[in-house]
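Structure first, commentary second.
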Amino acid sequence: MYKLLLCLRYLRTRYLAFVCIVSVLLGVATLIVVNSVMSGFSNKLKDRLHGILSDVRIETDSSGGFPESPETIEQNILNSPVGSHVEAMSPNIETFALIQYTVRDSYGNKITQTKQVRLVGIDPAKQAKVGGFSEYLIRQKNSPNPSFDLTDEAKWRLKQNISMANDDPFDFPRIPQLPPPASEKFGGFLINPIIVANPGDAGPLPPPVMTADAPARLPGAILGYSMGHYQYVDPDTKISEERKILMPGDEVFIATVGASGTKPVSATFIISDFFKSEMSEYDSSFVYVPLEDLQRIRGMDNHVNAVQIRLKPGSRDDNVFVHKTFVPAVQKIMPKPQSTVQSWQQQQGPLLSAIDTERGLLNVLLFLIIGVAGFGVLAIFSMIVSEKYRDIGVMKSLGASSTGIMGIFVSYGLLLGVVGCGLGTVVGLLFTYRINEIEALLSGVTGQEIFDRKVYYFDKIPTNVEVLSVVLVNFGALSVCVVSSILPALRAARLHPVQALRFE
Amino acid sequence: MLVVDNLQKSYRRHAEQVQVLHGLNLTVESGEFLSIVGASGSGKSTLLHLMGALDAPDSGRISLDGKRIDNLRGRARDRLRSRTFGYVFQFYHLLPELHALDNVLMPAYIEASVLGWWGSRKEWRMRAMAMLDRVGLGHRWKHKPREMSGGEMQRAAVARALLMKPRMLLADEPTGNLDVETGESIVNLLKELNAEEQLTVVMVTHNLELARGTDRIVRMSGGRVVEDEKPAILHHRLLSAVG
């Protein structure tokens, strides 16, 4: 009973102990906040990666794509022993390309911009079934059947663009048209659309005809959001606002390599939508175009170089099944080295492991705060034991055992830890739940944006409180407090009552 | 009856071994009030600590009612300190964080577990209040040591020593830090307890005047008992030697 009584009294009367409590509080709160934010980032990143990449992906490095047609590949997979686990498949072509478009600066001058992009040929309806593709679209958000079709508004803008180009004697002739087939000749970027010819054709396609009427089917393209938008910061007010560079209905010129050899091919596409995954890398480099158009441009006939597979809900979440059963089974159907079968985690392995490593390192570094708190407990307890020499002697003379005396200080350490951890958990959780308000407040006070939304395009700082992580942080902090109190407690326990009573 | 037989005790002071007690023999009868006098360094306090099982002798034996207590270890020794002996120190040694009542209750807190305390707390508190009343501090039970005078603190220390109803009260210069009048009142309190409760009291003191009121005076010198007389005889002889 005396251990509890003295612990509580020491807690109330020894103000120095509050230093320990504050240290533990700060350490625990910091760890909870950092872990929650890291976990939030990690989860959001994984969700997006998973959404974009689907569950399993088969790809080939062959420029002509798989030798089999996508239908054959799909059928082979469905007929395999793991076929019953497949929910949907989407054949793709993925390749690097250059995109070029013309924008006007604030003085109305035309500026032609060229960027390196990842060009992905997809069937949008199928793509929407294998991942979270449609949820990242701006205009067709969450549409079950997204397409590359232009809206009336986009068509009107296209007409306007064509009219303006016709009125401008210095403008390049421009007209949207279905992409031409691949050619051994390369027409160059300055001619739009490129005049190319199929190997077996008699000659190049006829030159474009200028008209204000758009063709019946326009070759649409879905661009990463940050290719068509940028953040403008007013130099006077420092207020940033989003400005558009490109809009649906604007045309872009895309050049890539053909399937046979490294011959460049190109075509003009009309922007039909934007893709905003809030992943900087994807939003600044992904360009989706219709699969059939890309096959035609690259001369791939009915071939693809990637197939994305969506698994059924039960199988998708079973990592062991995916990695030990499904992936090897599909790899058997699509043998190496021509094909590589990987889960989305394997594809993003380095990035995911980098996040985990970063999180682990941060935990270790931040746990040093609690380590410092532990040394605080050690130092302060040593002082308290020295100060309490005579009291310890009195208690021993009254019948307190050595283990009992040790118990006072270990319990005191535990109590400080419990109070520090409890308060730290409350502060950490409150901070985590209010982190966006706190960030806004700090940004307002300092005049500097603490969390730059341009980096990740997150509207707010993502957080995810993991109960296990909170428990582990608390357990670690409590252990540090208890371990740190053991040494002074042992010193107190070993005190001889006579020496303690004579201590001046 | 407590019997001290051929007790030897030495301390290591720096690099030197200092022999404090040289084969000391003493018998303390139940219910008597014994005072131990002697010059500083004569071994009075050391003897008291050994008798109260606060320290262990190098050799010799201490028996209480025929049972050796000098070789007790662990829980048995702690229980002996808690239940058989009550201690009063020169500097009171009250715990500064606790008020008078909690200080008096400390031996009970040490004995009881948390659950055990919950069941018997009312009884203990009543007994502690009775002890405080007995030493004249019933009205100061809420006061912390820093709010009390030296005499009051020593009274509270006596109440604490009596809480567990010990068989023997060991007082190490209980008046050493008090003025004459307050010291006398403390010794009178001990006398009353000795007379009324049949409590054996062993008091170490420098003050011959105070020792005169006890049943027996033992004078120590050089770690030995040099005189063991009734107070009137020894007091007269000591005063003659001084005078």
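Structure values in brief
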{"item": "Which numbered condition residue B:53 fails, given (1) under 22 Å from residue B:223 (Cα atoms); (2) open to solvent by less than 20 Å² (accessible area, probe 1.4 Å); (3) more than 11 Å from chain A (Cβ to nearest Cβ)", "result": "(3)"}
{"item": "Count of residues meeting criterion [facing chain A (nearest Cβ under 8 Å) and assigned to a loop (DSSP other than H, G, I, E, B)] in the range B:109-136", "result": "2"}
{"item": "Residue A:39 vs. criteria farther than 30 Å from residue A:333 by Cβ, away from chain B (no Cβ under 14 Å) and of a type in the set (S, T, N, Q)", "result": "yes"}
{"item": "Selection status of residue B:117, open to solvent by 20 Å² or more (accessible area, probe 1.4 Å) and of a type in the set (Phe, Trp, Tyr)", "result": "no"}
{"item": "Some residue of the range A:57-77 being buried (at least 20 other Cβ atoms within 10 Å of the Cβ) and within 14 Å of chain B (Cβ to nearest Cβ)", "result": "no"}
{"item": "Selection status of residue B:156, within 11 Å of another protein chain (Cβ to nearest Cβ), in a helix (DSSP H, G or I), touching a helix residue (DSSP H, G or I) at 6+ places or on another chain (Cβ under 9 Å) and touching a residue at least 60 places away in the same chain (Cβ under 8 Å)", "result": "no"}
{"item": "The range A:449-491, residues that are surrounded by fewer than 14 Cβ atoms within 10 Å (Cβ to Cβ) and either modelled with pLDDT of 80 or more or over 30 Å from residue A:278 (Cα atoms) (or both)", "result": "A:460, A:467, A:468, A:471, A:475"}
{"item": "Residue within the range B:93-108 that is away from chain A (no Cβ under 13 Å), out of contact with any strand residue (DSSP E or B) (no Cβ under 6 Å at 6 or more places or on another chain) and touching a residue at least 40 places away in the same chain (Cβ under 8 Å) present", "result": "yes"}
{"item": "Scan of the range B:21-50 for residues that are outside any loop (DSSP other than H, G, I, E, B), open to solvent by 20 Å² or more (accessible area, probe 1.4 Å) and closer than 21 Å to residue A:499 by Cα, ordered by number", "result": "B:22, B:45"}
{"item": "Yes/no for residue A:435 being over 25 Å from residue A:23 (Cα atoms), crowded, with 17+ Cβ neighbours inside 10 Å and not assigned by TED's automatic domain parsing to the domain that holds residue A:276", "result": "no"}
{"item": "Hey, residue A:85 modelled with pLDDT of 85 or more and farther than 30 Å from residue B:103 by Cβ or not", "result": "yes"}
{"item": "Residues of the range A:278-291 satisfying the condition of being out of contact with any strand residue (DSSP E or B) (no Cβ under 8 Å at 6 or more places or on another chain) and not aliphatic (A, V, I, L, M)", "result": "A:278, A:280, A:281"}
{"item": "Residue in the range A:1-17 that is nearest to residue A:414 (Cα to Cα), counting only those that are of a type in the set (Ser, Thr, Tyr) and facing chain B (nearest Cβ under 10 Å)", "result": "A:10"}
{"item": "Members of the range A:78-102 found to be in contact (Cβ under 8 Å) with a residue 40 or more places away in the chain, out of contact with any strand residue (DSSP E or B) (no Cβ under 7 Å at 6 or more places or on another chain) and surrounded by 15 or more Cβ atoms within 10 Å (Cβ to Cβ), listed by number", "result": "A:80, A:82"}
{"item": "In the range A:1-36, residue least open to solvent (accessible area, probe 1.4 Å) [restricted to those that are outside any helix (DSSP H, G or I) and of a type in the set (A, V, I, L, M, F, W, C)]", "result": "A:1"}
{"item": "Inter-residue pairs, beta-carbon under 9 Å, first acidic (Asp, Glu) and in the range B:192-203, second surrounded by fewer than 22 Cβ atoms within 10 Å (Cβ to Cβ), 6+ apart", "result": "B:192/B:134; B:197/B:165"}
{"item": "Meets criteria (under 28 Å from residue A:28 (Cβ atoms) and either of a type outside the set (Gly, Ala, Ser) or within 14 Å of chain B (Cβ to nearest Cβ) (or both)) for residue A:469", "result": "no"}
{"item": "Residue B:159 vs. criteria open to solvent by less than 10 Å² (accessible area, probe 1.4 Å) and more than 17 Å from the chain's Cα centre (by Cα)", "result": "no"}
{"item": "Condition met for residue A:49 (open to solvent by 10 Å² or more (accessible area, probe 1.4 Å) and away from every other protein chain (no Cβ under 14 Å))", "result": "no"}
{"item": "Members of the range B:194-205 that are farther than 19 Å from residue B:46 by Cβ, buried (at least 21 other Cβ atoms within 10 Å of the Cβ) and of a type outside the set (Val, Ile, Thr)", "result": "B:199"}
{"item": "Test for residue A:350: is it farther than 24 Å from residue A:123 by Cβ and either open to solvent by 40 Å² or more (accessible area, probe 1.4 Å) or of a type in the set (Val, Ile, Thr) (or both)", "result": "yes"}
{"item": "Only listed residue being closer than 27 Å to residue A:93 by Cα, at pLDDT 75 or above and either open to solvent by less than 40 Å² (accessible area, probe 1.4 Å) or under 27 Å from the mean Cα position of the chain (by Cα) (or both), chosen from A:233, A:196, A:252", "result": "A:252"}
{"item": "Selection status of residue B:18, surrounded by 13 or more Cβ atoms within 10 Å (Cβ to Cβ), among the aliphatic types (A, V, I, L, M) and touching a strand residue (DSSP E or B) at 6+ places or on another chain (Cβ under 7 Å)", "result": "no"}
{"item": "Residue check, residue A:415 open to solvent by 20 Å² or more (accessible area, probe 1.4 Å), within 27 Å of the chain's Cα centre (by Cα) and not β-branched (Val, Ile, Thr)", "result": "no"}
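A quick yes/no check of all residues on (1) under 30 Å from residue B:170 (Cβ atoms); (2) assigned to a helix (DSSP H, G or I):
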{"residue": "A:450", "(1), (2)": "no, no"}
{"residue": "A:471", "(1), (2)": "no, yes"}
{"residue": "A:481", "(1), (2)": "no, yes"}
{"residue": "A:489", "(1), (2)": "yes, yes"}
{"residue": "A:500", "(1), (2)": "yes, yes"}
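The values are calculated or read from the model by the stated rules, or taken from the named source; none is laboratory data. Predicted model, so just to flag it, every value in this text is computed and none were measured. Cβ sites come from the backbone with ideal geometry, for glycine too, and all protein chains shown count toward neighbours. Side chains are part of the model used for accessible areas, which takes the heavy atoms of the whole protein and leaves out ligands, DNA and RNA. Shrake-Rupley method; radii C 1.70, N 1.55, O 1.52, S 1.80 Å.
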